[in-house]
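To keep things clear, I will list the structure first and then write my remarks on it.
The values are calculated or read from the model by the stated rules, or taken from the named source; none is laboratory data. Computed from a prediction, not measured in an experiment: that's the story for all the values here. As a convention, Cβ positions derive from the backbone with ideal geometry for all residues, glycine included, and neighbour counts pool all protein chains shown.
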Amino acid sequence: MTDIDIGRKPPRSHARLWVSTLLLIVYASFVLLVTMWPQPQQLEFDGIASRLLRALHNIGVPAWFGYDKLEFVANVGMFVPLGFLLGLALARQAWWVAIFLLPAFSSAIEFTQGVALDERVSTVFDVLANTIGGYIGLLLAMMLRAMIHARDRTKIERELWDRRAIAARLQSENAAGAVVRASSPAAQRAIDLDPATRVLDPDFWETGDAPTMRLHS
């Protein structure tokens with residue numbers, strides 16, 4: 001039996017890992033800069049929050065939605081990209097590590113704010129909001145990866161099906177040709193005159209009519 005040379009195994013693509021890890025480092029640095037800035041008033045969060053609240057109230061948001069609610073929502077939103085990028089950077093079997101990393105990262109920020117930054121306020125609600133946002137981003141990342149995996153698997157199965165269909169069609173045509181040859185010598189001569197049919201004939205390459213055989217004769 002002739003050995004089949006399948007060649008070298010194609011390398012794995014690390015594009016997702018490198019891109020998501022780079023973006024994760026950049027965004028985590030941004031979060032640390034915003035949360036660890038020693039003088040938060042320099043970042044003008046209060047002025048931005050006031051203008052945003054006025055805009056929200058003008059478009060119909062209830063008056064009970066005040067600064068505390070906005071801060072909670074902002075803390076949720078800030079960790080959504082972090083959880084999303086972390087979910088993309090981790091291996092598929094290690095996604096559960098993010099369940100512990102996200103609240104641990106938020107807790108470390110709040111602990112540092114409470115211990116080392118006098119002008120910062122550290123609360124458990126911030127950790128809760130950050131964790132919720134991180135889990136939302138992680139869920140979105142897992143959904144995206146599952147969709148891409150399902151799409152790739154479907155494409156591979158479709159390609160395999162197409163190849164099996166072509167092989168089955170050729171086999172059927174060869175079998176039909178064999179039946180015709182056996183039933184009619186005239187049809188046999190017509191088939192012999194058809195180059196495409198003769199090439200597809202499994203017995204063609206075992207006869208002296210093959211091009212390589214004629215070259216050696």
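What tally of residues in the stretch 116-135 results from selecting those that are crowded, with 16+ Cβ neighbours inside 10 Å and either among the β-branched types (Val, Ile, Thr) or outside the structural domain of ALA74 (by TED's automatic domain parsing) (or both)? Qualifying residue count, the stretch 116-135: 3.
Output yes when any residue across the stretch 17-30 is surrounded by 13 or more Cβ atoms within 10 Å (Cβ to Cβ), among the small types (Gly, Ala, Ser) and in contact (Cβ under 8 Å) with a residue 40 or more places away in the chain, and no when none is. Yes. Residues in the stretch 35-49 that are surrounded by 13 or more Cβ atoms within 10 Å (Cβ to Cβ) and either in contact (Cβ under 8 Å) with a residue 24 or more places away in the chain or assigned to a helix (DSSP H, G or I) (or both): THR35, MET36, PRO40, PHE45, ALA49. Within the stretch 119-130, being under 11 Å from MET36 (Cα atoms) and among the acidic types (Asp, Glu) holds for one residue alone: GLU119. Of the residues examined, THR123 is one that is in contact with an Asp or Glu (Cβ under 9 Å, 6 or more places away or on another chain) and not charged (D, E, K, R).
Inside the stretch 61-90, residues that are part of a helix (DSSP H, G or I) and out of contact with any Lys or Arg (no Cβ under 9 Å at 6 or more places or on another chain) make up a count of 20. The residue pairs whose first member lies in the stretch 107-124 and is free of Cβ contacts under 8 Å to residues at least 12 places away in the same chain, whose second member is loosely packed, with under 15 Cβ neighbours inside 10 Å and in a helix (DSSP H, G or I), and whose beta carbons are closer than 9 Å, counting only pairs six or more residues apart or on different chains, are ALA116/MET36; VAL121/GLY114. You will find that of GLY133, GLY114, GLY137, the residue that is under 21 Å from VAL34 (Cα atoms) and modelled with pLDDT under 90 is GLY114 and no other.
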